[in-house]
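Input: a single structure, listed below in C-alpha cells.
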Amino acid sequence: MCVESVPPPSSRVTRRGVLAGAAVLAGSAAVLSATPQAFGATPKGAQRTGDLVIEGGTLLDPKTGEVTEDAVVVIRGGVVRTVGARGRVDTPDGLPRLDAQGRWVLPGLVDAHIHINTVAEARDAVRQGATSARSGSTNFYQDIAVRELARRLPESAPRLSAAGVFVTPDLGDTILADPDLTPLARLKDGVRSAEALRRVVEVNLSRGADVIKTRVNERAGLPEQDPLAQVYSYEQLSEIVSAARRGGKGVLCHSYSRQGCHDAVTAGIRSLEHGVFVGEHTLDEMRRRGTYFTPTLTAIAGLADSDNPILAERGRAYLPILKRAVLDAHEMGVPLAAGTDSSGGRVRPIGREVELMKESGLSVLDAIRTATTSAARLLGQERTLGRLAPGFSGDAVLLSGDPHKDVSLLKTPVRVVRQGLPL
C-alpha cells in the first residue's frame, strides 16, 4: 500500500518529541549524579565542559604512534589546548590537576556500534572508556535523547551519533515510536515497498537522526532466525541509501551472508556491520569505495558463551571466520571501526573489541586506531576525536600500564575524562 499520501513528518513534532525524551533521561541523570548542572545550572542547549591539566603520564598518539613520557595535556573549555613533555608546555596556574604518573594516557575511545536505551547504559559506556559512540538504532528514539543528554551532562553519556529506529521489514512495537510511522501498520507485507522504505528514513531524518540503520540479513542472536537469510534486495537497499543521501546521511547495514554483504556495499552503504561471510570481491569493492567494516567481534564472541546450544555453536563457528575477514580487510586497506554491538542492558567494554582486533592479526597500534582515529573518520569527526592534540576534544582514558604490552588494559581504564571533566 502506498503511503505517499501521508503528509511529510513534522519538524515541530520532532522538536517536541526529542526534547521530551531528553527531559526524561536528563531527569534520571540528575538523580544519579546529583550535580548542580544536572538541575539546570547549565544554560539550555549549552555543552558542559571542564578545564583540566593531565600531567605526568605517558601519552600515546594513535595517529602517529608517538609516545611522550612525562606528558602534559592542557584542556580548556573541554578542548585540548596544548600537549607536550613537561617543561615544554606552558600550564596556566589555577587549573585543576589530574596526576597521571605511572599511567598511560590515550584519547577517549569510540564505540562505532552500540545500542543505548537507558541512562544506566549511557553511563556504563562512558565509564568504560567509550567517550564517543555511534548508535546501532533504538526502538523509540532513545538514542536521540541520549545524544541531547550527553550535550548537557557529558560525564553521563558518550557523545553520540544517533540512528533513530531500525529500517527493517517488521517494525513491531516500533510502529508506536512516532505518529508518522503508524500508517505503515496497514501494510500486509511490512516495510518493503519503495514508498514504505522512504517513509521510515524520512521519519528518522525529521526526528534528527545522524545516520540510518538497516539490515540485509536476519539476526544471528536469535536461534529461530537464519542469519544468512536475506530480507532486503539490492534494489530495496538502494532505495534506503538514496533516501538517506537526500538528507545528507549515510547508512550502516546489518549483514552476514556473502551475497547480502555484496548487495549492501554496492547499494552504497557507509559501513558494513558484522559481515561474517563477506567475500574478497566485496572487500575489494569496499576498499575502492571507502566503505567501512564494523565487525562487532565482541558480539559474535559473546554468542559462544550462550546457554542456547544453537547460538553457542553459531558463535564458535562464526568467530574464526570473522577474524579472518577482519585481517583480510585490514591487509587489503579496508577501513575498520571498533563496535561492541552492546544491547539489552549489558554494555561491553570497547577495549574488548580492540583486544579482539589484535587477536585477528592487527598490530596493537592498528587495533587501537579502530577505536580512535579510524572510528572518528567513520563518524565524520576526525578533526576533533581520536587524538589528544590541540583543537581535539578533551576526552581521555588513563590505563594502568603499557597497552603495547597488554592491550587488555583498555577494557578497564583506571580513569576516564570527558570534555575535561574527570569521572
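Points to keep in mind about this one:
- Among the residues here, Ser242 does not qualify as assigned by TED's automatic domain parsing to the domain that holds Glu195, within 24 Å of Ser161 (Cα to Cα) and crowded, with 21+ Cβ neighbours inside 10 Å.
- Residue under evaluation Val416, criteria (1) part of a strand (DSSP E or B); (2) surrounded by 23 or more Cβ atoms within 10 Å (Cβ to Cβ), criterion not met: (2)
- Some residue of segment 394-407 being small (Gly, Ala, Ser), outside the structural domain of Leu252 (by TED's automatic domain parsing) and closer than 23 Å to Ala162 by Cα: yes
- Tabulated pairs, segment 284-302, first at positive phi, second crowded, with 24+ Cβ neighbours inside 10 Å and at pLDDT 95 or above, C-beta under 8 angstrom, 6+ apart or interchain: Thr296/His113; Thr296/Glu273; Thr296/His274; Thr296/Gly339; Thr296/Thr340; Thr296/Asp341; Thr296/Glu353
- Test: residue in segment 331-347 that is assigned by TED's automatic domain parsing to the domain that holds Arg258, more than 25 Å from Thr291 (Cα to Cα) and buried (at least 23 other Cβ atoms within 10 Å of the Cβ): yes
- Filtered residue count, segment 357-396, keeping only those that are within 17 Å of the chain's Cα centre (by Cα), hydrophobic (A, V, I, L, M, F, W, C) and farther than 14 Å from Val79 by Cβ: 8
For (1) in contact with a Leu (Cβ under 7 Å, 6 or more places away or on another chain); (2) acidic (Asp, Glu), each residue gets a yes or a no:
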{"site": "Asp328", "(1), (2)": "yes, yes"}
{"site": "Asp341", "(1), (2)": "no, yes"}
{"site": "Arg369", "(1), (2)": "no, no"}
{"site": "Thr384", "(1), (2)": "no, no"}
{"site": "Arg387", "(1), (2)": "no, no"}
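- Residue in segment 365-378 that is assigned to a loop (DSSP other than H, G, I, E, B), within 27 Å of Val119 (Cβ to Cβ) and either of a type in the set (S, T, N, Q) or outside the structural domain of Ala71 (by TED's automatic domain parsing) (or both) present: yes
- Test: residue in segment 319-328 that is of a type in the set (A, V, I, L, M, F, W, C), under 19 Å from Asn217 (Cα atoms), in contact with a Pro (Cβ under 7 Å, 6 or more places away or on another chain) and exposed (fewer than 15 other Cβ atoms within 10 Å of the Cβ): no
- Taken residue by residue, segment 304-317 has no member that is under 21 Å from the mean Cα position of the chain (by Cα), in a helix (DSSP H, G or I) and either over 22 Å from Pro227 (Cα atoms) or touching a residue at least 60 places away in the same chain (Cβ under 8 Å) (or both).
- Summed over segment 197-218, residues that are farther than 20 Å from Gly250 by Cβ and crowded, with 24+ Cβ neighbours inside 10 Å total 0.
- Any pair with Cβ under 6 angstrom, 6 or more apart, that starts in segment 324-342 at a residue that is touching a residue at least 24 places away in the same chain (Cβ under 8 Å) and in a helix (DSSP H, G or I) and ends at one that is surrounded by fewer than 24 Cβ atoms within 10 Å (Cβ to Cβ) and of a type outside the set (A, V, I, L, M, F, W, C): Val326/Ser360; Leu327/Ser360; Leu327/Gly361; Met332/Arg287
- Residues in segment 34-89 that are farther than 29 Å from Asp366 by Cα and at pLDDT 95 or above: Asp51, Arg76, Gly77.
- Per this entry, Ala163 is not counted among residues that are buried (at least 24 other Cβ atoms within 10 Å of the Cβ), closer than 28 Å to Thr412 by Cα, free of Cβ contacts under 8 Å to residues at least 60 places away in the same chain and within 24 Å of the chain's Cα centre (by Cα).
- Of all the listed residues (Gly136, Gly94, Gly190, Gly102), the sole one being in the same structural domain as Val231 (by TED's automatic domain parsing) and either closer than 30 Å to Glu69 by Cβ or over 24 Å from the mean Cα position of the chain (by Cα) (or both) is Gly190.
The values are calculated or read from the model by the stated rules, or taken from the named source; none is laboratory data. Model, not experiment: these values are computed from the prediction. Cβ: placed from backbone, ideal geometry, glycine included. Neighbour counts: every protein chain shown.
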